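Reading through the structure tokens given below for one structure.
The values are calculated or read from the model by the stated rules, or taken from the named source; none is laboratory data. For clarity, every value in this text was computed on a predicted model and none was experimentally measured. Glycine also receives a Cβ, built like all others from the backbone with ideal geometry; neighbour counts cover every protein chain displayed. What goes into the accessible areas is simple: the full protein's heavy atoms, side chains included, and nothing from ligands, DNA or RNA. Shrake-Rupley method; radii C 1.70, N 1.55, O 1.52, S 1.80 Å.
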Protein chains: 2
Amino acid sequence: MPAKPVNPDIQKERNTATFNCREFSVLWAGGEERFKEKKALEKMFLEDPALQDDLPISYLSHKELYEHSLRKACIIGEKIRKLRADGEDGVDTYNALLGGSLGAAILKEGNPLALHYVMFVPTIMGQGTMDQQVEWLSKAWDCEIIGTYAQTELGHGTFLRGLETRADYDASTQEFVINTPSLSAYKWWPGGLGHTANHAVVVAQLYTKGEFRGLAPFIVQLRDSDTHRPMPGIDIGDIGTKLGMKGVNNGYLGLKNVRVPLKNMLMKNQQVLADGTYVAPKNSVLTYGTMMFVRCALIRDTAQSLAKASTIATRYSAVRRQSPIDPNQPEPQIMDHTTQQLKLFPQIAKAIVFKTTGDGIWNMYNVISGEIEQGNLDRLPEMHALSCCLKAICSADAAAGVETCRLSCGGHGYMDCSNFPTIYGMTTAVCTYEGENTVMLLQTARYLVKVYGQALNGEKLVPTVSYISDAVNQTKFANFDGSLRSIVKAFQFVAANKTRIAYEQIELRRKQGHGTEVAANLCGTFLTAAADLHGRAFLAQTAYTELSAMSREVSPGLAEVLQVVLELYLVDACLNRIGDFLRFIDLTDQDVTKLEVRLENCLKRLRPNAVSLVDSFDLHDRVLDSALGAYDGNVYEHIFESTKKNPLNKEPVNGAFHKYLKPFMKAHL
Amino acid sequence: MPAKPVNPDIQKERNTATFNCREFSVLWAGGEERFKEKKALEKMFLEDPALQDDLPISYLSHKELYEHSLRKACIIGEKIRKLRADGEDGVDTYNALLGGSLGAAILKEGNPLALHYVMFVPTIMGQGTMDQQVEWLSKAWDCEIIGTYAQTELGHGTFLRGLETRADYDASTQEFVINTPSLSAYKWWPGGLGHTANHAVVVAQLYTKGEFRGLAPFIVQLRDSDTHRPMPGIDIGDIGTKLGMKGVNNGYLGLKNVRVPLKNMLMKNQQVLADGTYVAPKNSVLTYGTMMFVRCALIRDTAQSLAKASTIATRYSAVRRQSPIDPNQPEPQIMDHTTQQLKLFPQIAKAIVFKTTGDGIWNMYNVISGEIEQGNLDRLPEMHALSCCLKAICSADAAAGVETCRLSCGGHGYMDCSNFPTIYGMTTAVCTYEGENTVMLLQTARYLVKVYGQALNGEKLVPTVSYISDAVNQTKFANFDGSLRSIVKAFQFVAANKTRIAYEQIELRRKQGHGTEVAANLCGTFLTAAADLHGRAFLAQTAYTELSAMSREVSPGLAEVLQVVLELYLVDACLNRIGDFLRFIDLTDQDVTKLEVRLENCLKRLRPNAVSLVDSFDLHDRVLDSALGAYDGNVYEHIFESTKKNPLNKEPVNGAFHKYLKPFMKAHL
């Protein structure tokens, strides 16, 4: 990777690492074969000159950025077409290209065609009948038509029943008449909707024979196949500039008496017959499945964000020198400041734990969705509750962690050439999409409170909440000995008590005369706090189990590092919720000080391997796209190079001097 | 202000307020006269069509944004010239225009001429001799020359002694020869340096007669007065795109054997004689003074950021409806969700407390700087310590608060038309500039640890740290009765104990054989935690004293609201540091639950006045510049209007369709 000589400060770090970097890289990639695939894909995509930018995209206007993004999206699409023709059908490959790190390296502000592949095609596959799949799927796969998925509206998001768009069946012509009856009913946000897609799956309230039937998906043609002009009744455009995802071409869509034929309603789950007779779906569990699937995937994305941000900040902190520790010594690498270590290393640990948890929950999802296919829905609510709170916690922690990393790089982190602003924009978006985080926590909490009632009744609980039963029978947490195992147990005890309090507060308000729903709203902050602890207890447990297991299977050098990572993660997590620990567990001031000293100690032990740990994430320089985080550590040179690309610097005197500044300066002379 | 009919949901909120909005607005502005001045300035600047944008600036490229910003900056400069000619010399006016809310309304991504007014001119005033002021000041005031202030370098920020730029005096020609001897010595960051300024104060390491003399400021001409081309030896340009402050034209500057005459060194404090004899400054206290001044001003800026963000989010939350509380009822205003209240209302309370504290510390600064001018430096370290930690805490809390407000608006907060991204960019920058926050906290902590030693020795402490003496003599905090007064006292007790632990940990490491400086570095996280609590204890104390005093002077309706704000602020602040409270004070699980219920109660009591409270901040719609936060509450209409300005939407089919997408879609046909 390195083209210039590597910065000696960073080389020194690599020379003194006590574990084998490649061993962890392979583990991180998911095994030797995956590791090789990853390298091959990187070669194929990142070395194609057509997919490289001369000008950093932060210098483009919104319109230019869209045009630039569409150009590259088409090249990627062409390559996907070739891969498919060659028999490649790896979902992983498409994911890496469309949403993963490879995609982010090529189109760092997002791909206007992504929703076509990840939502439009899968929706037809999941909700279309066999006939519909025959009609639409090959056209969609071949990109003869480009689609998107239009559900959220200007005035309506999370609460689906609130959607206003309606489809009225007209039996006389065997068509649906689709309308957005008000401004707040406009479809809002779908990626590629603005100027890219010519079709969409539009979700609308279905009416047949004058009766309301619930939500249904319709394939609607938005633009003419040849001219790309909007079809009659279609009001469509790009919603405008955003904090991030700037190349996605998020759009709006108004429909006025748009008629689509009967066969355009996706009818695998529910049907409308020619005369307007409605056949209801058997169950709606499968929709749950998709949402869980996406949330599980998002957990891994948050790990990736933290991996990127911590790589950039750690490498920078090895090169940057500032503020002497000993006034008689030169300025040290800033990574030698304990306060800097406390910013960086917990983010590295979280990246590893979130990745491990993401992988674990992915496996769990596969097991449970297998059970669901067999008609066994026992573990669905448990899995739903877990995926909701983990999505919320991991996205919130990752966004905060990215910002901590950025701020740890001082002013230089504020420059776009650090790539932190883009990483933050992509990461914080996860807090909102696929279920807003507070709504997610409330979903989990609702489940926990129900389970708590079951525990009180002595019912046996499913695995991920069984700790609640234990705590119901145990009023005091004995034997906090500071071992990692006891920190995990303590997390569960604390989580159970947070659920207890939420339960008790709701009961109290019910006794005061409030209905259950109003009582739950009043207790909202108790509920979200309980869900937060539930998720954190699960993360602690998973970190402990998985990293311990991993340590047993790797070489001793790597095992030792993983053990430090685990201890750092758990002690830091505990101190971040120390108020809850002190509230429910008898700990003295000295106990807390001991944990704090231990944290300091973990930081010190991780210090010599920090650079090599982030190296092991094996993020290609193009994936990082950061002057501060390049593998060679030549930070100042890369920053300076980036300014040379700045269009403002292509001319020594800007035209605005003559036009505005000179007349102003000379005005009174 | 409202041009369209006000949204009925928001009008309802205004109708049911229990206090007089205007009364608080006047108080917030600083009195009736200031309130009128503010309105007059708004009229003069915000109604000038030349200062209004047809196209939101988020659609511009970096280069276009610079040119646009310079145009407006010149118009503002022209108006300032007129104001001065008319005898207006109000510093407040210039501040409002260059850094304050008015400036942000006109140039929301910053003003490339700002540093000329706020750093270049004041530096000449503060560090130039009378002769130098005569030579430079009138030219600078008249904007015949445009200057900036070049101190930080690519490789050097906070630690000034690390600067590499050097000025060698050549007695034979009576000139200084200025050089940036390496890439990392390049001046980096100064606003307006890129393509705007033709002069700069350059800070460099001074050498005369071959000896090092310390830092000194030099006036350097950067560009030709007529052609604006860079002078010989000057390598200059714009550093590139950033997270925020995108219109400021931050620049870089390399100097190669640039010669400036002897008289260009600013010599009020130190002198170089013609033969190279160096006359050292009497003391360096005055530099301290400037830094304190700026940090005190920043505290008020953070209050302004929170006021803006909470106004936007609160108004949006009154209009947006989502997720039924009672399933049989329609979707409520989202402000009725307790979880939403917990996001918004603490930010409103913090805006008020930070403003009050900012005003208070401003007065304190004036008193103390008066004492300093009299040669009395007694309170300088105390004031320095306080301004450092408050700058850090208020900026970090404000940045987090802005993001909380943004996230509380769901997806719509992510759109630039909400204005949250810009407000965040401006606010989070404060965490880094004028002293990076961690460095600031360490400065405060160094002082606290020293003071703690004095307290142990029984010495009398100065007012803002006297609570440490109390705590040294009191091992247990008795009588936590939950009153606001006792929360304030408890904050001080907790803060004193955090300082005690930092002190003890340093001592411990010294006993283990580490030098003081290394011991302090090892204890970095203990130190920053102590400084954090010191600042929070001061904020709690100030909130209690000032808001109580204010309540006694206003009408009963407003007094009641201010009391709720105070209680909400204190209870929330306490719960946010509950781990520290439980660590040092005997509180039971039930005590904590009681505080949590009380927080919920404060939220409920503030709810009816929330919209009117933010209305009282009296932020002009142009200052907010937010589709979500406009006074009339017509959120969806404003969002939709903003999309109509999007250049992408000016043509039904984008050119990239014909160029890239169509060939791709038809490739296989």
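The table below lists the values:
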{"read-out": "Within region B:332-358, tally of residues that are away from every other protein chain (no Cβ under 14 Å), open to solvent by 10 Å² or more (accessible area, probe 1.4 Å) and of a type outside the set (S, T, N, Q)", "value": "2"}
{"read-out": "Lone unmet requirement of (1) of a type outside the set (Asp, Glu); (2) touching a Cys at 6+ places or on another chain (Cβ under 7 Å); (3) not assigned by the TED database to the domain that holds residue A:355 for residue A:642", "value": "(3)"}
{"read-out": "Elements of type helices (runs of 4 or more DSSP H) contained in region B:392-472, each with 3 or more residues being away from every other protein chain (no Cβ under 14 Å) and in contact (Cβ under 8 Å) with a residue 60 or more places away in the chain", "value": "B:437-456"}
{"read-out": "Check on residue B:532, within 10 Å of another protein chain (Cβ to nearest Cβ) and under 21 Å from residue A:599 (Cα atoms)", "value": "no"}
{"read-out": "Tally of residues being under 30 Å from residue A:323 (Cβ atoms), more than 7 Å from chain A (Cβ to nearest Cβ), open to solvent by 10 Å² or more (accessible area, probe 1.4 Å) and not hydroxyl-bearing (Ser, Thr, Tyr) across region B:139-157", "value": "2"}
{"read-out": "Single residue of region B:76-109 satisfying the filter (hydrophobic (A, V, I, L, M, F, W, C) and open to solvent by 40 Å² or more (accessible area, probe 1.4 Å)) that is modelled with the highest pLDDT", "value": "B:85"}
{"read-out": "Hey, residue A:417 hydrophobic (A, V, I, L, M, F, W, C), open to solvent by 20 Å² or more (accessible area, probe 1.4 Å), farther than 30 Å from residue A:521 by Cβ and not assigned by the TED database to the domain that holds residue A:245 or not", "value": "yes"}
{"read-out": "Residue check for residue A:529: of a type in the set (Gly, Ala, Ser), crowded, with 22+ Cβ neighbours inside 10 Å and at pLDDT 95 or above", "value": "no"}
{"read-out": "Out of A:146, A:219, sole residue that is in contact (Cβ under 8 Å) with a residue 60 or more places away in the chain, farther than 23 Å from residue B:413 by Cβ and over 23 Å from the mean Cα position of the chain (by Cα)", "value": "A:219"}
{"read-out": "Region A:608-648: number of residues that are part of a loop (DSSP other than H, G, I, E, B), under 25 Å from the mean Cα position of the chain (by Cα) and surrounded by 21 or more Cβ atoms within 10 Å (Cβ to Cβ)", "value": "9"}
{"read-out": "Residue list for region A:316-326, restricted to those being under 19 Å from residue B:164 (Cβ atoms) and part of a loop (DSSP other than H, G, I, E, B)", "value": "A:320, A:322, A:323, A:324"}
{"read-out": "Top-ranked residue in region B:649-669 [being of a type outside the set (Gly, Ala, Ser) and surrounded by fewer than 13 Cβ atoms within 10 Å (Cβ to Cβ); ranked as modelled with the lowest pLDDT]", "value": "B:669"}
{"read-out": "Wholly within region A:56-113, helices (runs of 4 or more DSSP H) carrying at least 1 residues that are in contact with a strand residue (DSSP E or B) (Cβ under 8 Å, 6 or more places away or on another chain)", "value": "A:62-85"}
{"read-out": "Scope region B:588-603; condition open to solvent by 30 Å² or more (accessible area, probe 1.4 Å) and either out of contact with any helix residue (DSSP H, G or I) (no Cβ under 8 Å at 6 or more places or on another chain) or more than 8 Å from chain A (Cβ to nearest Cβ) (or both); matching residues", "value": "B:588, B:590, B:591, B:594, B:598, B:601"}
{"read-out": "Region B:367-379, residues that are open to solvent by 10 Å² or more (accessible area, probe 1.4 Å), in a helix (DSSP H, G or I) and modelled with pLDDT under 90", "value": "B:369, B:370, B:371, B:372, B:373"}
{"read-out": "Answer from A:57, A:10 - the residue that is on the phi < 0 side of the Ramachandran plot, hydrophobic (A, V, I, L, M, F, W, C), surrounded by 13 or more Cβ atoms within 10 Å (Cβ to Cβ) and within 14 Å of chain B (Cβ to nearest Cβ)", "value": "A:57"}
{"read-out": "Pick from region A:239-257, criterion within 11 Å of another protein chain (Cβ to nearest Cβ) and more than 19 Å from residue A:184 (Cβ to Cβ), ranking: surrounded by the most Cβ atoms within 10 Å (Cβ to Cβ)", "value": "A:249"}
{"read-out": "Given (1) open to solvent by less than 20 Å² (accessible area, probe 1.4 Å); (2) modelled with pLDDT of 95 or more; (3) in the same structural domain as residue B:399 (by the TED database), number of the condition residue B:264 does not satisfy", "value": "(3)"}
{"read-out": "Failed item, numbered, when residue A:196 is tested on (1) within 14 Å of chain B (Cβ to nearest Cβ); (2) under 15 Å from residue A:272 (Cβ atoms); (3) not acidic (Asp, Glu)", "value": "(2)"}
{"read-out": "Pairs where the first residue, in region A:62-73, is facing chain B (nearest Cβ under 8 Å) and the second is open to solvent by 10 Å² or more (accessible area, probe 1.4 Å) and among the aromatic types (Phe, Trp, Tyr), C-beta under 7 Å, 6+ apart", "value": "A:62/B:59; A:70/B:660; A:71/B:660"}
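Yes/no per residue for (1) in a helix (DSSP H, G or I); (2) open to solvent by 50 Å² or more (accessible area, probe 1.4 Å):
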{"position": "B:259", "(1), (2)": "no, yes"}
{"position": "B:290", "(1), (2)": "yes, yes"}
{"position": "B:295", "(1), (2)": "yes, no"}
{"position": "B:298", "(1), (2)": "yes, no"}
{"position": "B:301", "(1), (2)": "yes, yes"}
{"position": "B:312", "(1), (2)": "yes, no"}
{"position": "B:328", "(1), (2)": "no, yes"}
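Residue-by-condition table, conditions (1) within 14 Å of chain A (Cβ to nearest Cβ); (2) of a type in the set (Asp, Glu); (3) under 30 Å from the mean Cα position of the chain (by Cα); (4) not in a loop (DSSP other than H, G, I, E, B):
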position: B:122; (1), (2), (3), (4): no, no, yes, yes
position: B:126; (1), (2), (3), (4): no, no, yes, yes
position: B:134; (1), (2), (3), (4): no, no, no, yes
position: B:137; (1), (2), (3), (4): no, no, yes, yes
position: B:161; (1), (2), (3), (4): yes, no, yes, yes
position: B:164; (1), (2), (3), (4): yes, yes, yes, no
position: B:167; (1), (2), (3), (4): no, no, no, yes
position: B:173; (1), (2), (3), (4): no, no, no, no
position: B:176; (1), (2), (3), (4): no, no, no, yes
